[in-house]
Amino acid sequence: MRLPSGDKPCQSETMDDTRIEKRVGVQATSDRIWDLVADLSGWGAWNPVDADVEGAIAYGGRLTMNEAWPDMAERQALAQVVEWQPRVRLVWAERRGFLFQSLRYIQIEELGPGNCILTAGIRFSGLRGELFHDKHRPAIRQAQEAIVEGLKAAAEAG
């Protein structure tokens, strides 16, 4: 599994991974977008999937959140920050059980002043991760779109 930056957070090269991501143009600065991402307690205002987010954005920092994907039961996620760079990206990973890991990310690419590409994505790895992806792909795709559109709207409004 590779991070959006190309680095590898997992040691196993044999695991297959499956990714769903959504990209959108945003008329806001990377500073504005990052301020919204870094305000973990404010995610509920723009993120329809993750609520009650708490933790620390730091290497190895722990994040807890209530995760509610469309058409699935809400669950508490316990994740670890595996990569972050202010105004560029936040990446967090979670072991979700035997043969099932997820890696989620928000990435900001500044094209020019007040003009960015925003990406939100998730990667599943392990056999159970692939099965979960196959079963829930439409709902997860819909959720990733809602996440970037919500963050876009919040960034452009501010």
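Values quoted throughout were computed directly from the atomic coordinates according to the rules given, and no laboratory measurement underlies them. Just so we're clear, the structure is a prediction, and the values are computed from it rather than from any experiment. Glycine gets a Cβ as well: all are built from the backbone with ideal geometry, and neighbour counts include every protein chain shown.
Some observations on this one:
- Dipole magnitude for region 18-157: about 500 debye, using +1 per Lys or Arg Cβ and -1 per Asp or Glu Cβ, origin at the Cα centre.
- The share of C-alpha pairs in region 19-81 whose separation exceeds 18 Å stands at 46 percent.
- Table column - 3J(HN,Hα) (Hz), region 62-71, Karplus curve with 6.51, -1.76, 1.60, x for Gly and Pro: 8, 10, 10, 7, 8, 9, 10, 6, x, 6
- Here, P(r) means the percent of Cα pairs in each 5 Å bin from 0 to the largest distance; for region 18-157 it is 2, 11, 20, 26, 21, 14, 6, 2, 0.
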